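Asks: Got a structure for you, written out below as structure tokens; questions coming shortly.
Each reported figure results from applying straightforward, stated rules to the coordinates on display, with no laboratory input. Everything numeric here is computed off the predicted structure, so don't read it as measured data. Don't worry about glycine lacking a Cβ; one is built from the backbone with ideal geometry, like all the others, and counts go over all protein chains shown.
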């Protein structure tokens, strides 16, 4: 049983995916750290800093299966150092010729920051893959419902007619921009850290910069222009993007949550037989996915705030800022991974009630056509005068409980400016759609990034 919900046997599926969880668990973390140490030894051996035989022995022995993780944990607690327990246990399983060459000149931050970069690369692949799936599902909704009329709402109130296709196209466009941001940002944050005690790489003398290049090449990471021990903008940018991704999914979830309300009833999450909304109200079908996306988005934004705080770093190393990332970055990654998995499920299974959308639109008595009426009248009397006249007519009509046509006919100044045939045209909902269809077509026709999944 896990003390944290992410590790809970009962609830862990709500906060992380198995795919990502495996990379953050102790076993996955230690395996990655050992691989980094082996790559460092190999890079050093290539430059004559470490004996070739020692580097080979480190590569062969640096396997998580060879270590007792309980003992590593005990040594970590005993030493009070983040990685000394791991180094002690690793040295014990290595042959004599390799023991003194493990971790040659590196620090815990070299190891942990390089691991963070590797992790962000792996998480980036998952995020891009699932963003592409969510984008594709939103595009399919946009194409299918290009001309599906519905009420457009501002400040929570019906404003003008729009289409569900445009709403979905806006979602798809936003998801696509996150993929662009991810592709553009990865070169900045997928870089090694190798600075030694203070970031100067003093320990390795004249071989410092060649070692940095060789180490990065072995791990498939970029080379920073300077050590980033105190420059935490890379981590803040990466987690900030995760927060934006989760926020978009939260926005979509919130929209479905609101439009699934029975009094609106325009969208519905796919229902799985056996799914229970309430143990006291058996009839309920709760929007579980939608509301959970909002929850996840709030949590990821909170963790992004922690990494942003870490940019305020003191001197040449500040554990107060840096170690907070050890909690914030894994949580941001795991929670975003869960949000993407749920978001894909929501979008791929979303049920759209086009009949209810049209009914809700028509139930407004034509008042959602007030802007086209004002526009047409404005061509005769001026826009601001027309706004005042239509406002007067609509407010009076709403008070009397009549539809827009009756409200306009009752106002002599409005009625004098618009004939019956023109009113018929203006009161058609499609008259108020503007360029909605054209925008959907533009989003559908836009080039898409090729998928780069794990």
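Asks: Run the numbers on the chain and let me know its relative contact order in percent, using alpha-carbon pairs under 8 Å that are six or more apart. Walk me through the numbers before you get to the answer.
Replies: Working: 657 pairs, mean separation 81.4, N = 454.
The normalised contact order for the chain reaches 18 percent.
Asks: Same structure again: With everything on Cα atoms, drop me the angle between helix 288-309 and the longest principal axis of the chain, reported from 0 to 90° to the nearest 10.
Replies: Helix 288-309 and the main axis of the chain meet at about 50 degrees.
Asks: If you average the alpha carbon positions of the stretch 44-63 and of the stretch 66-85, how far apart do those two centres end up, in angstrom?
Replies: Between the Cα centres of the stretch 44-63 and the stretch 66-85 lies a distance of 23 Å.
Asks: Per residue, what volume in Å³ does the convex hull of the Cα atoms of the stretch 1-148 enclose? Numbers along the way, then the final one.
Replies: On the way: hull volume 22.8 nm³, N = 148.
With only Cα atoms used, the stretch 1-148 gives 154 Å³ per residue.
Asks: If I fit a long axis through the Cα atoms of helix 84-93 and take the longest principal axis of the Cα atoms of the chain, what angle between them do I get, 0 to 90°, rounded to 10?
Replies: Between the helix axis and the principal axis of the chain, the angle is about 50 degrees.
Asks: What area, in nm² and to one decimal, does the C-alpha convex hull of the stretch 208-331 cast on average over all directions?
Replies: Numbers: hull surface 47.5 nm².
The orientation-averaged projected area of the Cα hull of the stretch 208-331 comes to 11.9 nm².
Asks: Stokes-Einstein diffusion coefficient for the stretch 15-99 at 4 °C in a medium of 1.567 mPa s, Rh from the Kirkwood formula over Cα pairs: what value in µm²/s?
Replies: 95 µm²/s
Asks: Can you give me the relative contact order of the stretch 75-211 as a percent, contacts being Cα pairs under 8 Å and 6 or more apart?
Replies: Values: 132 pairs, mean separation 36.7, N = 137.
Taking the mean separation of contacting Cα pairs over the length of the stretch 75-211, I get 27 percent.
Asks: How many percent of DSSP beta bridges within the chain run antiparallel, rounded to 5? Could you put the intermediate results ahead of the total?
Replies: Numbers: 8 of 9 bridges.
Percent antiparallel among DSSP bridges in the chain is about 90.
Asks: Once you have a ≥ b ≥ c as the square roots of the Cα gyration tensor eigenvalues for the stretch 310-383, tell me rounded if a/c is under 1.5, and otherwise prolate or oblate according to whether a/b is larger than b/c.
Replies: oblate
Asks: Let me ask you something else. To the nearest 0.05, what FRET efficiency results for residue 52 and residue 209 with a Förster distance of 25 Å applied to their C-beta separation?
Replies: Calculated transfer efficiency: 0.70.
Asks: Mind ordering 312-323, 47-58 by average Cβ neighbours within 10 Å, highest first? Intermediate results must be reported in sequence, preceding the final value.
Replies: Details: 312-323: 13.8, 47-58: 18.3.
Per-residue mean Cβ counts within 10 Å order the peptides as 47-58, 312-323.
Asks: Hey, what's the Kirkwood Rh for the stretch 305-454 if you take every pair of different alpha carbons, in angstrom?
Replies: Values: mean 1/r = 0.0479 Å⁻¹.
Taking the inverse mean of 1/r over all distinct Cα pairs, the stretch 305-454 comes out at 20.9 Å.
Asks: Let me have the 222 nm mean residue ellipticity of the chain computed from DSSP H runs of 4+ only, each contributing -39500 (n - 2.57), with the sum over all residues rounded to the nearest 500.
Replies: Values: 20 runs with 285 residues, N = 454.
After summing the helix terms and dividing by residue count, I get -20500 deg cm²/dmol.
Asks: While we're on this one: Over the stretch 257-393, what relative contact order in percent results from Cα pairs under 8 Å that are six or more residues apart? Intermediate results must be reported in sequence, preceding the final value.
Replies: Working: 109 pairs, mean separation 36.1, N = 137.
Reported relative contact order: 26 percent.
Asks: Apply 1/(1 + (r/R0)^6) to the Cβ-Cβ distance of residue 398 and residue 81, taking R0 = 51 Å, and write down the FRET efficiency to the nearest 0.05.
Replies: Values: r = 72 Å, r/R0 = 1.40.
The value I calculate is 0.10.
Asks: Could I ask something else about it? Pop a pseudo-label 7 angstrom from the Cα along the beta-carbon direction at both residue 73 and residue 147 and give the gap in nm to one decimal.
Replies: 6.3 nm
Asks: Let me check I have the definition right: for the chain, take the eigenvalues of the Cα gyration tensor, multiply each by 5, take square roots. What are those semi-axes in whole Å, largest first?
Replies: Semi-axis lengths for the chain are 59, 23, 17 Å.
Asks: If only Cα atoms are counted, what is the Rg of the stretch 367-426, and what is its Dmax, in Å?
Replies: According to the Cα coordinates of the stretch 367-426, Rg and Dmax are 10.1, 28 Å.
Asks: A further question follows. With everything on Cα atoms, drop me the angle between helix 383-400 and the longest principal axis of the chain, reported from 0 to 90° to the nearest 10.
Replies: Tilt relative to the chain: about 80 degrees.
Asks: Here is a further query. Just to verify a number: FRET efficiency for residue 225 and residue 298, C-beta to C-beta distance, R0 = 41 Å, to 0.05? Could you put the intermediate results ahead of the total?
Replies: Working: r = 35 Å, r/R0 = 0.87.
Efficiency, from the Cβ-Cβ distance: 0.70.
Asks: Let me ask something else about it. What nm value, rounded to one decimal, do you get for the distance between residue 449 and residue 420 when each label is placed 7 Å out toward the C-beta?
Replies: 5.8 nm
Asks: So, one more: Beyond 17 Å, what percent of the Cα pairs of the stretch 107-182 remain?
Replies: Of all Cα-Cα distances in the stretch 107-182, 60 percent exceed 17 Å.
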